[in-house]
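The block underneath contains the structure these notes are about, expressed in structure tokens.
Each value in this text was obtained by applying a stated rule to the coordinates, not by laboratory testing. Bear in mind that the values here come from a model prediction, so they are computed numbers and not experimental data.
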Amino acid sequence: MQIFSGLLKIKPLVWAILGALVLLSVYLTKSPKEKKFDTRKLTMASLCIALSFVLSYIKIFKLPQGGSITLGSLVPLFIFAYIYGARDGILVGAVYGILQFIQEPYIVHWAQVLIDYPLAFGALGLAGLSRKNMPLGMIIGGTGRLFFHVVSGVIFFGSYAPEGQNVLVYSLVYNLTYLLPDLIVCIIIAFIPQFKNAINKIIAQNA
């Protein structure tokens, strides 16, 4: 199916990194019990990054200047932030952003790379600020990502704006075109009872 065709575009290097993350998670589950908390966190981080990345290439729609609507690719990152908090969530999101850069580098300026990848995706970890309400956390994290992409759009991609249109409005509308539907898919998933039950079980196991 065409929706899965993006998976064929993932670079061998990235597949190797994803494989390493999965192997790391398997190794960590067999680590000494006295490191139980840290190994669980690192295992969860590795699996969430890998799963989010693969899901990000199952695309429903892709915009010409970048950005796409996926089948809830950000949900694993939101789950990690929800369980472990904003600080760890930001770090994991930034690692995910770097992985996205390795796969599809879009470079206009070094500052644009910093804003559009580790900062924008790291901001998803702000979802961890709401650890009692996952949908609200998703909105916070999604808004953080939107902020950085809009800033990048204003500074580095203003030339794409139609003549006479405010650059800030153009960047905001363009980024909302794909970020909002992508976030809505994640929020819908968060309201599914079976999903909430599964997350509660994970939280109980990590308590």
Once every DSSP H run of n ≥ 4 in the chain is given -39500 (n - 2.57) and the sum is divided by its residues, what mean residue ellipticity at 222 nm do you get, rounded to the nearest 500 deg cm²/dmol? -21000 deg cm²/dmol
0 to 90° range, to nearest 10: angle between helix 36-56 axis and the chain longest Cα axis: 40 degrees
Over the chain, what is the relative contact order in percent, taking alpha-carbon pairs closer than 8 angstrom and at least six residues apart? 18 percent
Which entries of Lys41/Lys196; Lys59/Lys132; Lys62/Lys132; Lys9/Lys62 show an alpha-carbon separation above 26 angstrom in the structure shown? Lys59/Lys132; Lys62/Lys132
Pull up all non-local amide H partners of Ile60: gap of 5 or more, or a different chain, and H-to-H distance under 5 Å with H placed in the peptide plane. Ile69, Thr70, Leu71
Helix 75-84 vs. the chain, principal-axis angle (Cα, 0 to 90°, nearest 10): 50 degrees
Between the helical axis of 134-156 and the dominant principal axis of the chain, each derived from Cα atoms, what acute angle in degrees is found, rounded to the nearest 10? 40 degrees
I'd like the Karplus ³J(HN,Hα) series for region 172-186: coefficients 6.51, -1.76, 1.60, θ = phi - 60°, whole numbers in Hz, and an x wherever there's a Gly or Pro. 5, 5, 4, 5, 5, 4, 10, 5, 5, x, 4, 5, 4, 4, 4
